[in-house]
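Asks: Please see the structure below; I have some questions.
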Amino acid sequence: MEIYLILFLLLIGLIVGLIIWIVRLFRLYRKGKKKSFAIQVSILTVLLILLTWELQIFPLSKNFYIQDRTTELTGKKFWSWEEFDYEEISVRGEGYTLDIYKFSEETAEYFKNPDKEFFENFPTKELADITWTRTPVKESEQEILKFVTPTYGGWKGEIIDRQDFIRQIANHPGSYYSYDDGGSTNFYLIVPDKRLVILINHNM
């Protein structure tokens, strides 16, 4: 809990520092110090781009993150586009994230009949407890599926529909799943017929 409090305080400090910096920029501009103003604006712009990229706020930054993640998980590099995302994180770091991304027909064709290495070597042991396995999810792993597709009070609308969709996909043939049930649970689904990759993290 202490680490999340420290991160929260750091975030507050960054926001306060940013406000002070912007105020100083206005003062420089009013004083006519155009050169200093231009240099500091350039530095601030670069820092903001880097920060928003890391926070996945900058346009397409999350697409690149998903690409890197799925490459690590599957051994195949491919581009995908956001279909749906949901994030609910508490100050203590507990929470739930769901990312659903859509890939191309060409990528879908590969996943309809992936090579032997896909099933034997990916995801690696550092990323998941089991390599890619064909759905439906085994009876012994239904509790994992239930845990990563919860329905909390206050949830309504599309997030509920997506949870039902994921459970339906996971319990029917034609897709692949893997998971890591460590300190938090990561669950991964690849759905070739619908051209979807689904990444879930549930931490509580």
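The values are calculated or read from the model by the stated rules, or taken from the named source; none is laboratory data. As the structure is a prediction and not an experimental result, all values here were calculated from the model. In this analysis, Cβ positions are derived from the backbone assuming ideal geometry, glycine residues included, and neighbour counts consider all displayed protein chains. SASA here: full protein model, heavy atoms, side chains in, ligands and nucleic acids out. Shrake-Rupley method; radii C 1.70, N 1.55, O 1.52, S 1.80 Å.
Asks: How would you classify the range 157-204 from its alpha-carbon gyration tensor, with a ≥ b ≥ c the square roots of the eigenvalues: rounded for a/c under 1.5, else prolate if a/b is greater than b/c, otherwise oblate?
Replies: On the way: a/c = 2.19, a/b = 1.29, b/c = 1.69.
Oblate is the answer for the range 157-204, as a/c is 1.5 or above yet b/c matches or exceeds a/b.
Asks: Roughly how many debye, to the nearest 20, is the charge dipole of the chain about its Cα centre, given +1 on each Lys and Arg Cβ, -1 on each Asp and Glu Cβ, and no other charges? Please report the intermediate quantities before stating the final value.
Replies: Working: 24 positive and 28 negative charges, 337 e Å.
Dipole of the chain, to the nearest 20 debye: 1620 debye.
Asks: Which aspartates and glutamates, on any chain, are close to Lys125 with Cα under 20 Å apart, when same-chain ones fewer than 8 places away are left out?
Replies: Filter leaves Asp68, Glu72, Asp115, Glu117, Glu141, Asp180, Asp181.
Asks: Students sometimes get this wrong: rank Thr74, Thr133 by accessible area, probe 1.4 Å, all chains present, largest first. It would help to have the intermediate numbers written out before the result.
Replies: Values: Thr74 5, Thr133 35 Å².
Result, largest first: Thr133, Thr74.
Asks: What is the range 108-157 by shape, rounded, prolate or oblate, if you read a ≥ b ≥ c off the alpha carbon gyration tensor as root eigenvalues and call it rounded for a/c under 1.5, prolate for a/b larger than b/c, and oblate otherwise?
Replies: Details: a/c = 2.44, a/b = 1.88, b/c = 1.30.
It is prolate, given that a/c is not under 1.5 and a/b is the larger ratio.
Asks: Looking at the chain, which longest stretch skips every one of the trypsin sites (Lys or Arg not before Pro) that is in a DSSP loop with at most 16 other Cβ atoms within 10 Å, leaving the sites themselves out?
Replies: Details: sites that count: Lys31, Lys33, Lys76, Lys77, Arg92, Lys125, Lys138, Lys156.
Value returned for the longest uninterrupted segment is 157-204.
Asks: While we're looking at this one, here's another question. Say R0 is 41 Å: what FRET efficiency, to the nearest 0.05, do Glu126 and Ile15 get from their beta-carbon distance? Please report the intermediate quantities before stating the final value.
Replies: On the way: r = 35 Å, r/R0 = 0.85.
Calculated transfer efficiency: 0.75.
Asks: Could you point to the label whose value was computed as Rg and Dmax of the Cα atoms in Å for the structure here, given [x] 21.3, 71; [y] 18.2, 60; [z] 18.1, 66?
Replies: [x]
Asks: Right, next: Checking the a/c ratio against 1.5 first, then a/b against b/c, what shape does the Cα gyration tensor give for the range 75-135? Mind showing how you got there, number by number?
Replies: Working: a/c = 2.98, a/b = 1.44, b/c = 2.07.
The shape class here is oblate.
Asks: Next up: ³J(HN,Hα) across the range 17-28 via Karplus (A = 6.51, B = -1.76, C = 1.60, θ = phi - 60°), whole Hz, x for Gly/Pro?
Replies: Whole-Hz 3J(HN,Hα) from phi for the range 17-28: x, 5, 4, 4, 4, 5, 4, 5, 4, 4, 5, 4.
Asks: Which residues make up the longest stretch of the chain clear of chymotrypsin sites (Phe, Trp or Tyr not before Pro) that lie in a DSSP loop with no more than 15 other Cβ atoms within 10 Å, not counting the sites? The partial results should precede the final answer.
Replies: Numbers: sites that count: Trp79, Tyr152, Trp155.
Here the longest segment lacking exposed loop sites spans 1-78.
Asks: Ignoring ligands, DNA and RNA, what percent of the 1.4 Å accessible area of the range 110-163 is carbon and sulfur?
Replies: Numbers: 1660 of 3410 Å².
So the carbon and sulfur contribution to the accessible surface is 49 percent.
Asks: Next question. Near the amide H of Asn171, under 5 Å away, which other amide H atoms are found, from residues 5 or more places off or on another chain, if H is placed in the peptide plane?
Replies: Under 5 Å from the amide H of Asn171 lie the amide H atoms of Val137, each far enough along the sequence or on another chain.
Asks: Would you list which lysines come within 23 Å of Lys194, measuring only between C-alpha atoms, while excluding same-chain residues fewer than 8 positions from it?
Replies: Lys62, Lys76, Lys77, Lys102, Lys112, Lys116, Lys138, Lys146
Asks: Which order do His172, His202 take by accessible area at a 1.4 Å probe, largest first? Spell out each step's value before the answer.
Replies: Values: His172 100, His202 5 Å².
These residues rank, largest area first, as His172, His202.
Asks: Three principal axis extents, largest first, for the C-alpha atoms of the range 103-204, in Å?
Replies: 42, 29, 22
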